[in-house]
Number of protein chains: 2
Amino acid sequence: MADLHKTRALQLLHRIVLPLDRALQAADRQTGCSAAQLQALSVIHYLKADTIGRLAAHERISVPTASRLVEGLVQRGLARRVEGRDRRTSVLAVTEQGLAAVEAACAAREAVLMDLFEGLGEEEWRGLRATAGALARELGVGPEAARADD
Amino acid sequence: MADLHKTRALQLLHRIVLPLDRALQAADRQTGCSAAQLQALSVIHYLKADTIGRLAAHERISVPTASRLVEGLVQRGLARRVEGRDRRTSVLAVTEQGLAAVEAACAAREAVLMDLFEGLGEEEWRGLRATAGALARELGVGPEAARADD
DNA sequence: TCTTTTCATTAGCCATGCTAATTGTTAGCA
DNA sequence: TGCTAACAATTAGCATGGCTAATGAAAAGA
């Protein structure tokens, strides 16, 4: 496919991200679990990215950002630090409450999107699913990436 | 299409937004024009959302947030306030420099995505384009929404 | 043992969401 | 005319989440 066609697709895509993010933020405000926290919990739990460093690497964020993120999760009781052999690091684990928060946050986020995309047609829903799957794969995102990752 | 299929699509989609946003933020840091600013400039210019209130309404953000966003644009010389009849409002306009910034920011953002999605196949690129178009339409996003909007 | 490397935290910057309260202007009506 | 109500925007203040630079503390290696 010509690069021009790809560029056209990306022109559309990059403008979509901000409004989607804003809409999802609204959902997150209801559940009290932000996108970054939700994603961190998922990655810690499903992908066993159980140290600050691994979390930062997988999420492609800086170590200090990951550190602060986890600090927030621990304070909210969504994650806890387990001591390991190396006392420079602490192994992370998601709590029961954390798992419940992930469930709730995902449901709320999906509900917001469902409302937002009422106008999509049958064919477009199928396309969305296929495309979302492809992008998730490229980005290494989601619980199902557990097997394909690392 | 069954709701379950839609839910599956949305499960994938909502997890994609954060990593995409982070990747685009990196591009924005290079150009010095953030996603919110870029979008605001586009909307002011192409959609004639030329007051704080209209900008906030179209972007679905609060009026104070829009106000501060525009303040930043003006300070950077990307937009300016033109006095109108009603002295409670000022009409907004994008400067030459602002238009150039939009161009540069879009190019940088598209380049980042192009790298990110190297692994997509032909068919997936076609799907992405169609899907992105549909979502952009639903979200009322992009210059081409000018005719379909308001 | 002493130095270097590694992992994480702290401090501090900036942007962008929000709500509540304030300011300033216009419009409406007695 | 002049008071009041409605409206548009700003200011103030809170929270989150990116970043870099500097610091601490533990492990590894010479």
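Things worth noting here:
- Among residues of the stretch B:37-51 that are without any contact (Cβ under 8 Å) to a residue 60 or more places away in the chain, those with a Cβ under 8 angstrom from a residue that is acidic (Asp, Glu) and part of a loop (DSSP other than H, G, I, E, B), sequence gap 6+ or separate chain, pair up as B:ILE44/B:ASP50.
- Looking at the stretch B:21-120, the helices (runs of 4 or more DSSP H) lying wholly inside it that each contain 1 or more residues that are in contact with a Cys (Cβ under 9 Å, 6 or more places away or on another chain) and under 26 Å from A:ALA132 (Cβ atoms) sit at B:35-46, B:96-116.
- Residues (within 13 Å of chain B (Cβ to nearest Cβ), buried (at least 19 other Cβ atoms within 10 Å of the Cβ) and among the charged types (D, E, K, R)) located in the stretch A:38-63: A:GLU59
- Residue pairs whose Cβ atoms lie under 7 Å apart, separated by 6 or more positions or on different chains, with the first residue in the stretch B:10-23 and more than 7 Å from chain A (Cβ to nearest Cβ) and the second assigned to a helix (DSSP H, G or I), are B:ALA23/B:VAL112; B:ALA23/B:LEU116.
- Out of B:ARG29, B:ARG85, B:ARG80, B:ARG54, one residue alone is within 14 Å of DNA strand C (Cβ to nearest atom) and either more than 29 Å from A:GLY140 (Cβ to Cβ) or in the same structural domain as B:GLY140 (by TED's automatic domain parsing) (or both). It is B:ARG85.
- Meets criteria (surrounded by fewer than 20 Cβ atoms within 10 Å (Cβ to Cβ) and free of Cβ contacts under 8 Å to residues at least 24 places away in the same chain) for B:GLN30: no
- Residue within the stretch A:117-135 that is under 21 Å from A:LEU20 (Cα atoms), modelled with pLDDT of 95 or more, more than 12 Å from chain B (Cβ to nearest Cβ) and away from DNA strand D (no atom under 14 Å from the Cβ) present: no
- Residue ID - modelled with the lowest pLDDT, chosen from residues in the stretch A:136-147 that are within 20 Å of B:LEU18 (Cα to Cα) and not in a helix (DSSP H, G or I): A:GLY142
- Matching residues, the stretch B:45-70, being within 13 Å of the chain's Cα centre (by Cα) and not hydrophobic (A, V, I, L, M, F, W, C): B:HIS45, B:TYR46, B:HIS58, B:GLU59, B:ARG60
- Check on B:ALA35, within 9 Å of another protein chain (Cβ to nearest Cβ), surrounded by fewer than 22 Cβ atoms within 10 Å (Cβ to Cβ) and at pLDDT 95 or above: yes
- Every condition in (1) more than 7 Å from chain A (Cβ to nearest Cβ); (2) over 23 Å from A:GLU59 (Cα atoms) is met by B:LYS6 except one, and the failing one is (1).
- For the stretch A:52-91, the set of residues classified as within 23 Å of B:ALA26 (Cβ to Cβ), more than 9 Å from DNA strand D (Cβ to nearest atom) and among the hydroxyl-bearing types (Ser, Thr, Tyr) is empty.
The values are calculated or read from the model by the stated rules, or taken from the named source; none is laboratory data. Computed from a predicted model, the values in this text were never measured in an experiment. When we count neighbours, we look across all protein chains shown, and the Cβ atoms used for this are built from the backbone with ideal geometry, even at glycine.
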